[in-house]
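Below is one structure; the comments refer to it alone.
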Amino acid sequence: GSDDELGRVVQAYNALQLERAVAERKLREQQDALELLVNERTAEVTQKTNVLQTILDSMAGGLMAVDKNLIIQTINNQFIEFYQFPPDVAKPGAPLRDILLVRARRGDYGDGDPEELVQSRLEKYRTVIERYVDLLPGNRRVEVVRTPTNDGGMVLVCDDVTDRIKAEEALAQETEVLILPH
């Protein structure tokens, strides 16, 4: 508390320490508020993600979305079940290449080197094929609609059409029998 030079230095030092302590407290309060906001937003995003996944898994058809780098962004259970993918391969964040490799190795794309078959498929994914029927394990067939997204990715929606195709084939055979002369 003295008025001499040493006293003024001590007072200035104490004032600086007090300012520093106040600034640190304000910073901690701001960090706490920011952390609370981040936690609230994270919980909100998690809740919305869970609702969206529930909706996607409630669909009768399969759905998969990939980004411009062909990385899976979302995939529903039906898509995984239709194609009988291992769950560790068919998940958000996984490369599309991995699920194509599963299909190539089990023979879905015919004979040939699986790596070459996958590369050929990946090149085709860069061009838009709007609609096709895919043959799956168990002689199941799914109709796939592949639609590009504005950001360079794509969405694939598929529906099991096995029963419809069998019914169409049976009708065609019956029609042939009816038309043939007896």
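Could you give me D for the stretch 1-108, from Stokes-Einstein at 37 °C and 0.692 mPa s, where the hydrodynamic radius is the Kirkwood radius over C-alpha pairs? Units µm² s⁻¹, please.
In µm²/s, the coefficient rounds to 174.
Using only Cα atoms, tell me the angle between helix 162-179 and the longest principal axis of the chain; keep it within 0 to 90° and round to the nearest 10.
Value to nearest ten degrees: 20.
By per-residue mean of other Cβ atoms within 10 Å, what is the highest-first order of 55-61, 143-149?
Put in order of decreasing packing, that is 143-149, 55-61.
Given Cα pairs under 8 Å that are at least 6 residues apart, what percent is the relative contact order of the chain?
Over the chain, the number comes to 16 percent.
With a 1.4 Å probe and every protein chain kept in, tell me what percent of the accessible surface of the chain is carbon plus sulfur.
It is 55 percent, rounded to a whole number.
Cα to Cα, under 19 Å, and not fewer than 8 places away if on the same chain: which lysines meet these conditions relative to residue 68?
Of all the lysines, those that pass the test against residue 68 - Cα under 19 Å, at least 8 places apart if same chain - are 91, 124.
Inverting the mean 1/r over all pairs of different Cα atoms, compute the Kirkwood radius of the stretch 19-178 and quote it in Å.
One decimal place: 18.8 Å for the Kirkwood radius.
Tell me which of 7, 54, 125 sits at the most positive position along the dipole axis of the chain, charges placed on C-beta atoms (Lys, Arg +1; Asp, Glu -1).
Of the candidates, 125 comes out farthest on the positive side.
What ranking, highest mean first, results for peptides 64-77, 25-38 when packing means the other Cβ atoms within 10 Å averaged over each residue?
Most protected by this proxy first, the peptides run 64-77, 25-38.
Can you give me the accessible area per residue for the stretch 1-127, using a 1.4 Å probe, in Å²?
69
Can you tally the net charge around residue 150? Count Lys and Arg as +1, Asp and Glu as -1, for every other residue whose Cβ sits under 14 Å from the Cβ of residue 150.
With Lys, Arg at +1 and Asp, Glu at -1, the neighbours total -1.
Shape of the stretch 62-152 from its Cα gyration tensor (a ≥ b ≥ c, root eigenvalues): rounded if a/c is under 1.5, otherwise prolate when a/b > b/c, or oblate?
Cα axes put the stretch 62-152 in the rounded bin.
The values are calculated or read from the model by the stated rules, or taken from the named source; none is laboratory data. On a predicted model such as this, the values are computed, not experimentally measured, just so you know. Cβ sites come from the backbone with ideal geometry, for glycine too, and all protein chains shown count toward neighbours. Note: areas computed on protein heavy atoms with side chains; ligands, DNA, RNA excluded. Shrake-Rupley method; radii C 1.70, N 1.55, O 1.52, S 1.80 Å.
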